[in-house]
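Worksheet: one structure, shown below.
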């Protein structure tokens, strides 16, 4: 079973340029949480599910508490935090920086990481 959280906009202070760390900007998070077993699919009970509002709260906390230079690091820290807190088997985190400080027109730059529970143990 996969659970998706898409288009989560979080304002953070990440980047290499000093103005990115001072002024901050919007980041867009897309997540996929994979569970081998999903009791909620049978029970229809929130107690048996991954509460995506709690996942969202964690992502916001990770993205606003620390400042990272690279999207790659922010993606890894986010993925690790999710795996540590929730009983999921695999997580995919994709982060888009829609307005990077680059002198050209583009939709954005992004980084993605996919981690499994076993990756935390190594």
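Read-outs throughout are calculated quantities, based only on the coordinates presented, and are distinct from any laboratory measurement. All figures in this text were calculated on a predicted structure; none of them were measured in a lab. Cβ: placed from backbone, ideal geometry, glycine included. Neighbour counts: every protein chain shown.
Between residue 70 and residue 110, what is the label-point separation in nm under the 7 Å Cα-to-beta-carbon projection?
For residue 110 paired with residue 70, the spin-label model returns 2.0 nm.
With everything on Cα atoms, drop me the angle between helix 52-65 and the longest principal axis of the chain, reported from 0 to 90° to the nearest 10.
Value to nearest ten degrees: 30.
By average Cβ neighbour count within 10 Å, what is the ranking of 29-39, 69-79 from highest down?
69-79, 29-39
At 0.36 nm per residue, and after removing the present C-alpha to C-alpha distance, how many nm does the segment from residue 84 to residue 103 gain when stretched out fully? Before the final figure, lay out each step's value.
Numbers: separation 19, 0.36 × 19 = 6.84 nm, distance 3.85 nm.
Gain in length upon complete extension: 3.0 nm.
Once each part is reduced to its C-alpha centroid, what is the distance from segment 70-89 to segment 1-36 in angstrom?
Their Cα centres are 11 Å away from one another.
To the nearest 10 degrees, how steep is helix 71-85 against the longest Cα principal axis of the chain, on a 0 to 90 scale?
Tilt of helix 71-85: around 20 degrees.
If neighbour count is taken as other Cβ atoms inside 10 Å, put 80, 121 in order from fewest to most.
Numbers: 80 17, 121 6.
Neighbour counts put them in this order, fewest first: 121, 80.
When a footprinting reagent is the concern and you count Cβ atoms within 10 Å, what order do 68, 11 take, fewest first?
By the 10 Å Cβ count, ascending: 11, 68.
Roughly how many nanometres apart are two label points built 7 Å out from the Cα toward the Cβ at residue 5 and residue 43?
2.1 nm
Give the order of 97, 84 when sorted by the count of other beta carbons within 10 angstrom, beginning with the fewest.
Fewest to most other Cβ atoms nearby, the residues stand as 84, 97.
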